Amino acid sequence: MAQQADVIVVGGGLAGLVAATEAADAGRRVIVLEQESEANLGGQAFWSLGGLFMVDTPEQRRLGVKDSFDLAWQDWQGTAGFDRDEDHWPQKWARAYVEFAAGEKRDWLRGMGHRIFPVVGWAERGGIDASKNGNSVPRFHITWGTGPGIVEVFETRARAMAAEGKIDFRFRHQVDDLIVENGSCVGVSGSILAPDTRPRGEESNRDVTGSFELRAPAVIVCSGGIGGNLDLVRQSWPKRLGPPPAHMIKGVPAHVDGRMLGISENAGANIINRDRMWHYVEGVRNWDPIWPDHAIRILPGPSSMWFDATGQRMPAPNYPGYDSLGALEHIMQTGHDYTWFILTQAIIKKEFALSGSEQNPDLTGRDWKQVLGRAIGPKATGPVEAFKEHGADFAVADTLPELIGKMNRIAGNELLDVDTVQRQIEDRDRQIDNPYTKDQQIMGLRTFRNYIGDKLIRTAKPHKILDPSKGPLIGVKLNILTRKTLGGLETDLGGRCFRIAEGRGAEIMQGLYAAGEVSGFGGGGYHGYRSLEGTFLGGCIFSGRNAGRAAAADVGG
């Protein structure tokens, strides 16, 4: 069968769009295959908050933040904890990405129309010591326009190239096999799915109406991770965390199913770091869901009190916003798969943000008037208040006994004891009376308020939880929600996939490339065990760029 393109890109998410546009920009003919409808172009990135990890930016400097490549690389290494022989390429990817984030990343994106919200966020603070995990300074740069804003940058570019005949989008094309001849990947085959007009994110049909086979000297797999496939998540669950949770909710649509990982492996590609994954512990059930088991992550500020399922306060440094994976590890040791926040209206108004473009209409809609509402008035944002009113995991009451009763009803048990919880809250509240304290969480929130960005819109003024003037009291049941795949297809810095050849070890598999989450965002897992946040979308962009450019150069050579 004749060659129909120079490059085939499997997946129309962010990594796929970047890879396709970079290859087309180099003069290559590109076909993009996407199993979903055109409404889903941009994939999971569309639903994101649009946060990007950047280093030593004008936004940071204006807020008094002193950052550098050396500090960021120190933080990355302490967070990743690279400790395996197979971390060779992931480490190379990690350093290259931090150099990109501290170098041309901002200006390159800005040149294509990308803009940043001026207040830089501070995610994954760590909280152990300087050499361990966590961001030493704020680095979470939110895209002005959130996820749709960053997709727009590359979608606009891709559609212009499609109009010029440089890129050919083929939607509802599901790849079922990679075509391998003489050890090289030379194309793909698969099923043509029936049209589906359901809105973006909703689960689509898998009715097959035909088949296809396409050939090209370069195939770039950009198919995403496994977070929408709970069976695969449980199969890959790390033993170091104990048995997988009996109950999980999904932070990604159903089409994030991991199919292409298995298909690529069956074709000979090597997968590494299968047991590394990034699931959040602050998930709440969506009262207005789009996909099955649709969950939303709370992006908490530092003030809520965090309790396990039995009503014991989470131990240091497991405080809101400090260490997601460390908190998950502790939770799985409790014998339960959920926890609780207890907070006040004053805290939820200032500190609760919901991850997702649709949950932040002010930032997504680029509406400054709505953004100012985050800093004034007694209420939280509209979506947060809607979750407080309608969410199945939210309880609101004027007194602690009433609140605990509602929380026990949500959990369907009587594990929370009023006296036990009240004693711990009162002990914490007494520490508010003085500017000094032995409570590490209160130390932290006072320190965070030294950063003007947190003081303005992300950290409530320290106050007593049981102060009625700050109420009502709010309890939130926090579930584990699936999100990111940290391992994946092993690649070199050009996104070229490796295979294991008998007697020769790992070697490049000609014609096959990978980018985005399917490659662990670079190399087969450039995060290591943990993420510094803002590095998922950035990893899709960086790995997509590298793979698109490398494939174009290899085909041209």
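Can you find a residue in the range 51-68 that is over 30 Å from residue 366 (Cβ atoms), at pLDDT 95 or above and open to solvent by 10 Å² or more (accessible area, probe 1.4 Å)? Looking through the range 51-68, at least one residue is over 30 Å from residue 366 (Cβ atoms), at pLDDT 95 or above and open to solvent by 10 Å² or more (accessible area, probe 1.4 Å). Take the conditions (1) farther than 22 Å from residue 408 by Cβ; (2) open to solvent by less than 30 Å² (accessible area, probe 1.4 Å); (3) at pLDDT below 95; residue 329 misses just one of them, which is (2).
State yes or no: is residue 227 touching a residue at least 40 places away in the same chain (Cβ under 8 Å), out of contact with any Lys or Arg (no Cβ under 8 Å at 6 or more places or on another chain), within 27 Å of residue 483 (Cα to Cα) and surrounded by 14 or more Cβ atoms within 10 Å (Cβ to Cβ)? Taking the combined requirement at face value, the residue does not satisfy it.
Of all residues in the range 131-158, those satisfying the criterion of being free of Cβ contacts under 8 Å to residues at least 60 places away in the same chain and in contact with a helix residue (DSSP H, G or I) (Cβ under 8 Å, 6 or more places away or on another chain) are 131, 132, 153. Scanning the range 284-293 for residues that are in contact with a strand residue (DSSP E or B) (Cβ under 8 Å, 6 or more places away or on another chain), surrounded by fewer than 22 Cβ atoms within 10 Å (Cβ to Cβ) and not acidic (Asp, Glu) yields a total of 3. Could you please find all residues in the range 77-128 being touching a Ser or Thr at 6+ places or on another chain (Cβ under 8 Å), farther than 26 Å from residue 488 by Cβ and at pLDDT below 95? Answer for the range 77-128, where residues must be touching a Ser or Thr at 6+ places or on another chain (Cβ under 8 Å), farther than 26 Å from residue 488 by Cβ and at pLDDT below 95: there is none.
The rows are residues; the columns are (1) within 16 Å of the chain's Cα centre (by Cα); (2) farther than 30 Å from residue 395 by Cβ.
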{"site": "233", "(1), (2)": "yes, no"}
{"site": "236", "(1), (2)": "no, yes"}
{"site": "260", "(1), (2)": "no, yes"}
{"site": "282", "(1), (2)": "yes, no"}
{"site": "285", "(1), (2)": "no, no"}
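Look at the range 396-421: where a residue is free of Cβ contacts under 8 Å to residues at least 40 places away in the same chain and a partner is of a type outside the set (S, T, N, Q) and open to solvent by 70 Å² or more (accessible area, probe 1.4 Å), sitting 6+ places away or on another chain with Cβ atoms under 7 Å, you get 408/414; 418/401.
Return yes or no: is residue 243 under 26 Å from residue 174 (Cβ atoms) and either surrounded by fewer than 21 Cβ atoms within 10 Å (Cβ to Cβ) or among the aliphatic types (A, V, I, L, M) (or both)? Here the answer is no, as residue 243 does not meet what is asked. Looking across the range 436-465 at every residue that is out of contact with any Leu (no Cβ under 8 Å at 6 or more places or on another chain), open to solvent by 20 Å² or more (accessible area, probe 1.4 Å) and part of a helix (DSSP H, G or I), the one that is nearest to residue 316 (Cα to Cα) is identified as 440. Scanning the range 107-122 for residues that are surrounded by fewer than 19 Cβ atoms within 10 Å (Cβ to Cβ) and either on the phi < 0 side of the Ramachandran plot or part of a strand (DSSP E or B) (or both) gives 107, 108, 110, 111, 112, 115, 118. Please determine whether any residue of the range 170-192 is touching a residue at least 24 places away in the same chain (Cβ under 8 Å), in contact with a Lys or Arg (Cβ under 6 Å, 6 or more places away or on another chain), part of a strand (DSSP E or B) and not basic (Lys, Arg). There is at least one residue in the range 170-192 that is touching a residue at least 24 places away in the same chain (Cβ under 8 Å), in contact with a Lys or Arg (Cβ under 6 Å, 6 or more places away or on another chain), part of a strand (DSSP E or B) and not basic (Lys, Arg). Do we find that residue 494 is surrounded by fewer than 24 Cβ atoms within 10 Å (Cβ to Cβ), part of a loop (DSSP other than H, G, I, E, B) and modelled with pLDDT of 95 or more in this structure? When the stated conditions are applied, residue 494 passes them. Residues in the range 379-426 that are in a loop (DSSP other than H, G, I, E, B), farther than 19 Å from residue 314 by Cβ and open to solvent by less than 40 Å² (accessible area, probe 1.4 Å): how many? The number of residues fulfilling the criteria is 3.
Can you list the strands (runs of 3 or more DSSP E) found entirely within the range 4-64 that contain at least 2 residues being closer than 17 Å to residue 555 by Cβ and out of contact with any Pro (no Cβ under 7 Å at 6 or more places or on another chain)?
Of the strands (runs of 3 or more DSSP E) lying wholly inside the range 4-64, those with at least 2 residues that are closer than 17 Å to residue 555 by Cβ and out of contact with any Pro (no Cβ under 7 Å at 6 or more places or on another chain) span 7-10, 30-34.
One residue is enough: does the range 449-468 have a residue meeting the conditions at pLDDT 95 or above and over 26 Å from residue 282 (Cα atoms)? No, the conditions are met nowhere in the range 449-468. In the range 193-227, of all residues being of a type in the set (Val, Ile, Thr) and part of a loop (DSSP other than H, G, I, E, B), the one that is farthest from residue 491 (Cα to Cα) corresponds to 197. Candidates in the range 500-523 are the residues that are at pLDDT below 95 and in a strand (DSSP E or B); of these, the one that is nearest to residue 88 (Cα to Cα) is 506.
Residues in the range 156-168 that are open to solvent by 40 Å² or more (accessible area, probe 1.4 Å) and either modelled with pLDDT under 95 or touching a strand residue (DSSP E or B) at 6+ places or on another chain (Cβ under 6 Å) (or both): 168 alone.
With respect to the conditions (1) within 30 Å of residue 142 (Cβ to Cβ); (2) touching a residue at least 12 places away in the same chain (Cβ under 8 Å), residue 369 falls short on a single one, namely (2).
Does the range 349-362 include one or more residues that are surrounded by fewer than 16 Cβ atoms within 10 Å (Cβ to Cβ) and among the polar types (S, T, N, Q)? The answer is no; no qualifying residue exists.
The values are calculated or read from the model by the stated rules, or taken from the named source; none is laboratory data. Note that the coordinates shown come from a computational prediction; the quantities given were computed from them, not determined experimentally. Ideal geometry is used to build each Cβ from the backbone, glycine not excepted, and the neighbour counts take in all protein chains shown. We work out accessible area using only protein heavy atoms, side chains counted, and drop any ligands, DNA or RNA first. Shrake-Rupley method; radii C 1.70, N 1.55, O 1.52, S 1.80 Å.
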